[in-house]
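Just so you know, all these numbers are worked out from the coordinates, no wet-lab data involved. A quick note: this is a predicted structure, and the numbers were derived from the prediction, not measured.
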Amino acid sequence: MLAAAGALQAAGVRQPVVVSPYAQVTAPPSTEPIKVATMYKFEPGEVEKIQSASPVKVEILISNSAEEFRRNLRDAEVVYGGIRGADLDYAPKLKWVQMGGAGVEGMEEKSRKAPFVMTNYARTFAPGISETAMGLLLCLTRGIAKYYMPQFYKNRTMIPAGTVKSDHHTELVGRVMGIVGMGGIGMAIARRAYYGFDMRIIGIDVKPLPKPEYVAELHDPSYFTKMVPQVDVLVAAAPHTPKTERMFNESVFRSMKRTAHFLAMSRGMLFDDMALVKALKEGWIAGAGLDVMPQEPPASTHPIFDCPNVVMSAHSSGWSPDRQIRLIDLFADNVRRYAMGLPLINVVDKEAGY
């Protein structure tokens, strides 16, 4: 594949590079303008940043309707924000799609089989998500959500919860956190938990990753059932694939410590919400912090709202103005790389689904 890409670059044909070439390409890449089709309404400053990053002229074709998008696809070799399978027939020159998010589980089969390269925003959302994860966990372990916020809403004096022994408050120092999915989100949470709270980290990932110093153990997925009973905090941070769907199920919740907490930070389809409700109501686990749910938003009648040992956010943990800056910076850098024939960042394995 590298040889073919190198030959095309040498011929002046621009191609997305997905791995680092071993031999330097001496011939210049195409100097034709890069046309980017999108439905996303970039701000003028964002357009300027993307265009100024490339040594080749970049034309960003912002569409206001599906019909205009299809017209713009005719000349576009890049799409920003995703493309439906039904639109691929209108994009004869398409070579690269920059997705607008991190997850690609909604990819259609036609897109999966199409020859274009796909990149995503993995790791871009991780700072905010990791901060939210620790915030949710502290709300649970320090009794903030269950005891003190209800008092506040009732304009009551802050009455201490529990007994003189402080049984309803837990410290994180020295506790064990198990993280499933050591990508951008999982690694960021691991860093926060280790350096900020002196926790011991056990990680699981399908890829053979190098173990960072802040992770005590790093295993493949076969270790999952052995890890679950050990941890005080179990974190779902993996992508949603057929293999990870509902992997956090009744069997898993039953095998957790009764004092342990569950955090769902990547995709809601990773856990069985009704099994979680049962685990919370019957005391199999101590509590749960949820930024995601299998169906979003959950119905107002969902029994999760009857569980006092739950704290939730609205799949918004990755939000912040800083995130938007990182999104544009990454895309601008990828446009630069694309123009120069350099490897793209965050290339998706379309068959694996992440």
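The C-alpha radius of gyration of the range 126-312, expressed as a fraction of 2.2 N^0.38 Å, stands at 1.00.
Report, to two decimal places, the Cα Rg of the range 92-219 normalised by 2.2 N^0.38 Å (N = number of residues).
After normalising by residue count via 2.2 N^0.38 Å, the value is 1.47.
Note on Cα extents along the principal axes in Å: of the candidates (i) 76, 42, 33; (ii) 56, 55, 44; (iii) 58, 46, 37, the value calculated from this structure sits at (i). Taking a span of 15 Å or more along the helix axis (Cα atoms) and a mean Kyte-Doolittle hydropathy of at least 0.5 as the rule, the DSSP H helices of the chain that qualify are 126-141. In this structure the amide hydrogen of MET118, modeled in the peptide plane, comes within under 5 Å of the amide hydrogens of VAL97, VAL348, none closer than 5 places in sequence on its chain. Each part reduced to its alpha carbon centroid, the range 132-146 and the range 187-225 end up 21 Å apart.
Remind me, relative contact order of the range 126-312 in percent, using alpha carbon pairs under 8 angstrom and six or more residues apart?
20
Of the two radii for the range 23-142, the radius of gyration is 1.08 times the Kirkwood radius, both from the alpha carbons; that is the Rg over Rh value. Note on the range 287-343 and the range 34-99: Cα centroid distance 23 Å, given to the nearest whole angstrom. Across the chain, the mean sequence separation of Cα contacts (distance under 8 Å, 6 or more residues apart), normalised by length, yields a relative contact order of 19 percent. Binning all Cα-Cα separations of the range 203-335 at 5 Å, short to long from zero, yields these whole-percent fractions: 2, 9, 17, 20, 18, 15, 9, 6, 3, 1, 0. Bridgeable lysines around LYS243 (alpha carbons under 24 Å apart, same-chain partners fewer than 8 residues away excluded): LYS110, LYS113, LYS207, LYS211, LYS226, LYS278, LYS350.
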